[in-house]
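Structure, as structure tokens:
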Amino acid sequence: MLDEIDSAVEAGVTLFVPPTVPPDPAKLNQRYHPKPADTNAQAAWRKWMGTEEAQEIYRERASTVETVNADLKTHRGLGQFLVRGKDMITYVAL
């Protein structure tokens, strides 16, 4: 996933994806601190997602993106596909 962060930043995309939750609950707030192996883009992303502004924008996702996904699943029949592969899913969706 971290490679995708570098690619997104190079493309000029602002990410609103929280870092993964560590297994140890005591380290929960440390997930927003840059790690020694992080690139500059990854470190900036971790710091950004630790801000209240970024977290508020991410919380808005539930009322925007998730309702679209729910509509596609419930009213458009695009839930679980019984076929495999991008071509077959495209065929079923169309």
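Table for the structure above
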| item | result |
| --- | --- |
| Complete set of residues in region 43-59 that are of a type outside the set (A, V, I, L, M, F, W, C), closer than 12 Å to Tyr32 by Cα and touching a residue at least 12 places away in the same chain (Cβ under 8 Å) | Arg46, Lys47, Gly50, Gln55 |
| Matching option when the condition is at pLDDT below 90, out of contact with any strand residue (DSSP E or B) (no Cβ under 7 Å at 6 or more places or on another chain) and not aromatic (Phe, Trp, Tyr), among Pro19, Pro25, Pro34 | Pro25 |
| Those residues of region 43-70 which are of a type in the set (Val, Ile, Thr) and either on the phi > 0 side of the Ramachandran plot or within 13 Å of the chain's Cα centre (by Cα) (or both), in sequence order | Ile57, Val65 |
| Residue count for region 26-60, restricted to those that are farther than 13 Å from Leu2 by Cβ and of a type in the set (Gly, Ala, Ser) | 3 |
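The values are calculated or read from the model by the stated rules, or taken from the named source; none is laboratory data. None of these values were measured; they are calculated from a predicted model. Because the Cβ atoms are built from the backbone with ideal geometry, glycine has one as well, and the counts that use them run over all protein chains shown.
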